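Structure, as structure tokens:
The values are calculated or read from the model by the stated rules, or taken from the named source; none is laboratory data. All values derive from a computational prediction rather than experimental measurement. With ideal geometry, Cβ positions are generated from the backbone for all residues, glycine too; neighbour counts draw on all protein chains shown. Each accessible area value is taken on the protein alone, full model and side chains, heavy atoms only, with ligands, DNA and RNA left out. Shrake-Rupley method; radii C 1.70, N 1.55, O 1.52, S 1.80 Å.
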Amino acid sequence: MSTTSLSQSPSEVFMVRPGNFMFNTETAVTNHYQDMARSNMEWQEVARQEFDRAVDTLRENKVKVTVFQDTEDPVKPDAIFPNNWISCHQTGEVVLYPMATPNRRLERRMDVVQWLKDNFSVTRVVDLSPYEDQGSYLEGTGSIVFDHTARVAYACSSVRTDVKVLDRLCAEIGYTRLVVEAADSQGRPIYHTNVFMSIATDFVVICMDAVQKEEDKKRMEDSFKQSGKSVITATQQQVDNLAANCFEVVGQDGRRKLIISTRGWGSLAEGQREALTARVDIVQCKVDTVEVVGGGGIRCMLAPVFSIRN
């Protein structure tokens, strides 16, 4: 395993333009951020418009984006969230993940894997999807928030995040894990780690109130300190607005950008905004419908590509 230093944030991402975006009844069992009252067929076109505007916003802010069109058949309500089924690593691995719900397993696309192989330095594909047969799941960078510089994989345990699979992943890529229990404002388990925390080059946005055990909070704080990252604390209300579901990238202009939804940014207090703008350029994407109907935010729409281009 390589011991070379790793970058925290990617210089490009890929995204999947939705073909059949809608309320996913299969995932709603564990994703309490989805709102069925807002669900309607008309949201498909609204979601496509939000997606297209988000891509335009990212490119206007010098973020390199590759877009794949979702295939119409079979129907995949959550194809707009590719970060859950794939991750690409600086050390050359492409990882495919086991998904909890059957209709999300359909999102895995070998043409995307082939695109990565054709255009980037991919050394191997680590396919964890067979764990689905055991009822064990790990949903990509939804389940895991990576500190690449410290090689730590943070995760909150849930139906969608199995520690056994996480251990296998960490063994494959040479990371250590830090697993906690996390709950939302109503005490329900948080389904994905990237809902309540995001790690950037020199800071972390996190809702510590979501972390249930004091010893877990202490382990996280010590780990952040060891890797030289300051903590910007978010509230549970801000998590409900997906403010922590943000993501740092490096633009083609060499500047660090924090991609965050307009709803998430709007929920932040002035002091939090100042702490962020002092460190990074803020790129706001308006994806209200995707957030409310899909239960996932702008971070979930981004599949970071760390692999080195050929």
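Near P10, within a Cβ-to-Cβ distance under 13 Å, what is the net charge of the other residues, with Lys and Arg +1 and Asp and Glu -1? All intermediate terms of the calculation are to be shown ahead of the outcome.
Working: positive: K64, R256, K257, R299, R309; negative: E12, E248.
The answer is +3.
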task: Of the listed values (1) 26, 41, 27, 6, 0; (2) 36, 62, 2; (3) 23, 34, 24, 14, 5, 1, grab the one calculated as P(r) over Cα pairs in 20 Å bins from 0, in percent from the structure here.
output: (2)
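Where both residues lie in the chain, what percent of DSSP beta bridges are antiparallel, nearest 5? Don't skip to the answer; put the middle values down first.
On the way: 21 of 46 bridges.
Restricted to the chain, the bridges split so that about 45 percent are antiparallel.
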message: Ignoring solvent entirely, what values of log10 I(q)/I(0) come out of the Debye formula for the range 122-222 at 0.11, 0.15, 0.17, 0.18 Å⁻¹ when each Cα is a single scatterer?
response: -0.32, -0.60, -0.76, -0.85
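Have a look at the DSSP beta bridges in the range 186-310 and tell me what percent are antiparallel, nearest 5.
Numbers: 7 of 16 bridges.
Around 45 percent of the beta bridges assigned by DSSP in the range 186-310 are antiparallel ones.
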message: Using a Gaussian network model on the chain with a 10 Å cutoff between Cα atoms, which of S223, S267, S158 fluctuates the most?
response: S223
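Where Lys and Arg each count +1 and Asp and Glu each count -1, what net charge lies around A171 among other residues with Cβ under 13 Å from its Cβ? Don't jump to the answer; show the numbers that get you there.
Working: positive: R151, K164, R168, R177; negative: E93, D167, E172.
Here the count lands on +1.
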message: Suppose each label sits 7 Å from its Cα in the direction of the beta carbon; what would the S7-T262 distance come out to in nanometres?
response: 3.0
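Rounded, prolate or oblate for the range 213-310? Axes are the square roots of the Cα gyration tensor eigenvalues, ordered a ≥ b ≥ c, and the cut-off for rounded is a/c under 1.5. Present the calculation step by step, with values, prior to reporting the outcome.
Details: a/c = 1.44, a/b = 1.08, b/c = 1.33.
It comes out rounded by the Cα gyration axes.
What full-extension length gain, to one decimal in nm, is calculated for D111 and R273 as 0.36 nm per residue of separation minus the Cα-Cα distance? Each step should come with its number before you reach the end.
Numbers: separation 162, 0.36 × 162 = 58.32 nm, distance 3.93 nm.
Full-extension gain reported as 54.4 nm.
Determine the calculated [θ] at 222 nm for the chain from helices alone, applying -39500 (n - 2.57) to every DSSP H run no shorter than 4 residues and normalising by the residue count; nearest 500 deg cm²/dmol. Can you show the working numbers first?
Numbers: 11 runs with 90 residues, N = 310.
Computed mean residue ellipticity for the chain: -8000 deg cm²/dmol.
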- prompt: Ranked by accessible surface with a 1.4 Å probe, highest first, in what order do I206, I282 come?
  reply: I282, I206
query: Hey, quick one: spin label on D253, modelled 7 Å out along Cα-Cβ, who in the range 279-310 has an amide N within reach, i.e. under 18 Å?
result: 279-285
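Do the alpha carbons of any pairs in K164/K217; K213/K257; K213/K286; K62/K218; K225/K257; K229/K257 sit beyond 28 Å of each other, and which pairs? All intermediate terms of the calculation are to be shown ahead of the outcome.
Working: K164/K217 22 Å; K213/K257 32 Å; K213/K286 34 Å; K62/K218 37 Å; K225/K257 22 Å; K229/K257 17 Å.
In this structure, K213/K257; K213/K286; K62/K218 exceed 28 Å between Cα atoms.
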- prompt: Out of P82, P130, P98, any idea which swings most in a Gaussian network model of the chain, alpha carbons joined below 10 Å?
  reply: P130
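Using a 1.4 Å probe, what is the accessible area per residue for the range 125-277, in Å²?
On the way: 5810 Å² over 153 residues.
For the range 125-277, the per-residue accessible area is 38 Å².
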- request: Under a 10 Å cutoff between Cα atoms, tell me which one of T193, T235, T66 has the largest fluctuation in the Gaussian network model of the chain.
  value: T66
message: What FRET efficiency comes out for A171 versus S121 if R0 is 22 angstrom and r is the Cβ-Cβ distance? Round to the nearest 0.05.
response: 0.50
query: For the range 274-310 and the range 75-107, what is the separation of their C-alpha centers, rounded to whole Å?
result: 17
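For the range 58-208, what is the percent of antiparallel DSSP beta bridges, rounded to the nearest 5? Don't skip to the end; give the middle numbers.
Details: 13 of 22 bridges.
Roughly 60 percent of the DSSP beta bridges within the range 58-208 come out antiparallel.
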- request: Mind pulling the per residue volume of the convex hull built on the Cα atoms of the range 104-179? Å³ is fine.
  value: 102
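Does the range 182-253 classify as rounded, prolate or oblate by the C-alpha gyration tensor (a ≥ b ≥ c root eigenvalues; a/c under 1.5 gives rounded; else a/b over b/c gives prolate, otherwise oblate)? Intermediate values should be presented prior to the final figure.
Working: a/c = 2.50, a/b = 1.28, b/c = 1.96.
Oblate.
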